[in-house]
Amino acid sequence: MVLESEARSGPGLRLYRELAEWYPLLTPVADYGEEAAFYRRLYETHCRRRPRTLLDLGSGGGHNAAHLKATLQCTLVDLEPAMLALSGRLNPECEHVRGDMRSIRLGRLFDCVLLHDAVSYLISREDLVKAIACAYAHTAPGGVALFQPDFITETFTPGTDTGGSDADGRALRYLEWRWDPVPADNTYLTEMVYLLRHDDGGVEVVHDRHVMGLFSRAVWLASIADAGFQPLVVPFHHSSNCDAGHEIFLGLRPDAAGVEGIAFSAAVHNV
Ligand SMILES: C[S@@+](CC[C@H](N)C(=O)[O-])C[C@H]1O[C@@H](n2cnc3c(N)ncnc32)[C@H](O)[C@@H]1O
C-alpha cells in the first residue's frame, strides 16, 4: 500500500525509514522527561475528566509516550513502519497502529490526543485542517488535544543546531540547518546532516532534507476552533530554553456542560 504522503515525500525523511535505528542517538528518550511532564500537567489541568487514555498521532520513536505511559494508556500512530518497530521495542505495553494523522479513524475516543512535533510535517492548510479534524474525531467530550508545531510563522528563525549521542558502540552527531527559501509560502526547510559512526569505527555522512510547515498563530487558532474545539495557546516552558516550539496549542472539546467549569485537578496544578 502506498500512502499519500509516501507518494509525495520523495527521498527526504530517511531518518524515519532506513535510518530509523539511529533515531534514539539523535534525540535520546531520557531528554523527553521534562517536556512529557509538562504535557501531562496540561492535560490534567484542562481535561474535565480524569485523563486515563492518550492517542499520539505521529508518535515516532515513542519517546514522549515512554514517559506519559506511567499514568496514561497510550495508543501510538505513525506513518512509518520502521518508527513503529522502534517504538514497539521501547513501549511494548502500548498499542501501535500504522496510519496517517490526516485520515486515520480508530472509532474510539481518548481523553488526551497529542500531535507533537510530527505535526510540523503538514505543509498545506488543507492537511492541517484534516489533522485537526482527525484529532477532534478522537477526543472525548471534556478531553483535550495538544498540538506542538516546531515553529509558527511568528516564531520562525533561521539557524543551526548541533547534537547527538553515543550508544552500544555506535555514535551519531548532527547538524540541523533551518532556512526559508520562500518566506511567502507555508513551508521552510530543515537540512539535516548526520555523521554516523558504526561499531567498526567507520563513519558515513548523510544529508536528509525535511520540508516543514509554517502557519500563523491566527491560522492555528481558527483551524482548531473550526474543528469544534475551544482553542487555547499556552507558552512552552522548558529548562533548555530551546528556540523551537515556544507555543503549544490546545483544543478543548466541550462536554455537555461546556468548557467553562472546573477542570480535573485545575486547583492542584498551576500550569
Ligand atoms: C520527530 S518524529 C516524532 C517523535 C515523537 N514526538 C516522539 O515522542 O518520539 C516525527 C514522526 O512523524 C511521523 N509522521 C510524519 N507525517 C505523518 C503523518 N502524516 N501521519 C503520521 N505520522 C507522520 C514520521 O513518520 C515520524 O515518525
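The values are calculated or read from the model by the stated rules, or taken from the named source; none is laboratory data. Note that the structure is predicted; figures quoted are calculated from it, not measured. All Cβ positions, even for glycine, are placed from backbone atoms using ideal geometry, and neighbour counts span all protein chains on display.
Odds and ends about this structure:
- All told, residue 157 falls short of being within 19 Å of the chain's Cα centre (by Cα) and either surrounded by 17 or more Cβ atoms within 10 Å (Cβ to Cβ) or over 17 Å from residue 76 (Cα atoms) (or both).
- The residues listed here are 82, 20; of these, the one that is under 24 Å from residue 149 (Cβ atoms), out of contact with any strand residue (DSSP E or B) (no Cβ under 6 Å at 6 or more places or on another chain) and surrounded by fewer than 20 Cβ atoms within 10 Å (Cβ to Cβ) is 82.
- Within region 106-116, the set of residues being within 9 Å of the ligand (Cβ to nearest atom) and not in a strand (DSSP E or B) comprises 116 only.
- Residues within region 87-99 that are surrounded by fewer than 24 Cβ atoms within 10 Å (Cβ to Cβ) and either in contact with a Gly (Cβ under 9 Å, 6 or more places away or on another chain) or farther than 17 Å from residue 135 by Cα (or both), tallied: 9
- Residue within region 182-193 that is hydrophobic (A, V, I, L, M, F, W, C), at pLDDT 95 or above, touching a helix residue (DSSP H, G or I) at 6+ places or on another chain (Cβ under 6 Å) and in a strand (DSSP E or B) present: no
- Look at (1) crowded, with 16+ Cβ neighbours inside 10 Å; (2) over 11 Å from the mean Cα position of the chain (by Cα); (3) within 9 Å of the ligand (Cβ to nearest atom) and you find that residue 103 fails only one, number (1).
- Those residues of region 65-100 which are touching a residue at least 24 places away in the same chain (Cβ under 8 Å), more than 11 Å from the ligand (Cβ to nearest atom), assigned to a loop (DSSP other than H, G, I, E, B) and touching a Lys or Arg at 6+ places or on another chain (Cβ under 9 Å), in sequence order: 71, 72, 93, 94
- Candidates 232, 214, filtered to the one that is closer than 15 Å to residue 153 by Cα and under 18 Å from the mean Cα position of the chain (by Cα): 214
- Scanning region 37-64 for residues that are within 15 Å of the ligand (Cβ to nearest atom) and more than 23 Å from residue 131 (Cα to Cα) returns a single hit, 37.
- One residue alone among 171, 137, 133 is in a strand (DSSP E or B), away from the ligand (no atom under 12 Å from the Cβ) and surrounded by 14 or more Cβ atoms within 10 Å (Cβ to Cβ), and that residue is 171.
- Just so you know, in region 194-221 the residues that are without any contact (Cβ under 8 Å) to a residue 24 or more places away in the chain and not in a strand (DSSP E or B) include one that is surrounded by the most Cβ atoms within 10 Å (Cβ to Cβ), and it is 218.
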